[in-house]
C-alpha cells in the first residue's frame, strides 16, 4: 500500500510520520525503515526502526530514490513499512515528480508487501489528480 502525507511546510506532516513510524515499530512483525534527508529524526524515531540518511548514500533524483527503496526491499524480505521524509527534497523536483514516483512505488509495494509512506510538501490541489487515491485522509 502506498500512502502520501501531504501539506505545506509547517502543517504537521513530520510529526504525523514520526507517530506512524513509531506505531508501526510496535505492531510490525518485521522491519520498519525510515529514510530522511539529513539526521533530524534521530531522537524522535524509535531505535527499533532502521533510520537511513539519504545524504549519506548520495541519493538524489527520482530514479535513485526508487532504486534505493527497491534495494531495501530486495535485500530484506521482512521489511513491512518504509517511511520517506522530505521526499521532494530528495528527488530535487516539485509536485510533478509525484505521479511517476507514486506509480513506481505502488508497484514495488505490491511486489514486496511493504507499506510505503511518502511525505510530500505540497497542497493536495498542487498534485496530479491521478495520485489523490493515495493521499491520507
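Criterion applied to 74, 49 was being loosely packed, with under 14 Cβ neighbours inside 10 Å and farther than 17 Å from residue 2 by Cα, and the one residue passing it is 74.
When 44, 85, 78 are screened for being touching a strand residue (DSSP E or B) at 6+ places or on another chain (Cβ under 6 Å) and over 30 Å from residue 129 (Cβ atoms), only 78 passes.
The residues on offer are 132, 117, 91, and the sole one that is closer than 21 Å to residue 41 by Cα and modelled with pLDDT under 95 is 91. Listed by first and then second residue, the pairs linking a residue in segment 36-48 that is more than 16 Å from residue 59 (Cβ to Cβ) to a residue that is exposed (fewer than 15 other Cβ atoms within 10 Å of the Cβ), with Cβ atoms under 9 Å apart and 6 or more places separating them unless they lie on different chains, are 44/15; 46/26; 48/26.
Candidates are the residues of segment 1-15 that are free of Cβ contacts under 8 Å to residues at least 60 places away in the same chain and farther than 23 Å from residue 129 by Cα; the one that is surrounded by the most Cβ atoms within 10 Å (Cβ to Cβ) is 15.
Only a single criterion out of (1) within 21 Å of residue 131 (Cα to Cα); (2) at pLDDT 95 or above; (3) surrounded by fewer than 19 Cβ atoms within 10 Å (Cβ to Cβ) is not satisfied by residue 27, namely (1).
Does residue 59 satisfy the condition of being within 11 Å of the chain's Cα centre (by Cα) and touching a residue at least 12 places away in the same chain (Cβ under 8 Å)? So residue 59 fails the test.
The values are calculated or read from the model by the stated rules, or taken from the named source; none is laboratory data. Source: prediction; values computed, not measured. For neighbour counting, all protein chains shown are included, and Cβ atoms are generated from backbone atoms with ideal geometry for every residue, glycine included.
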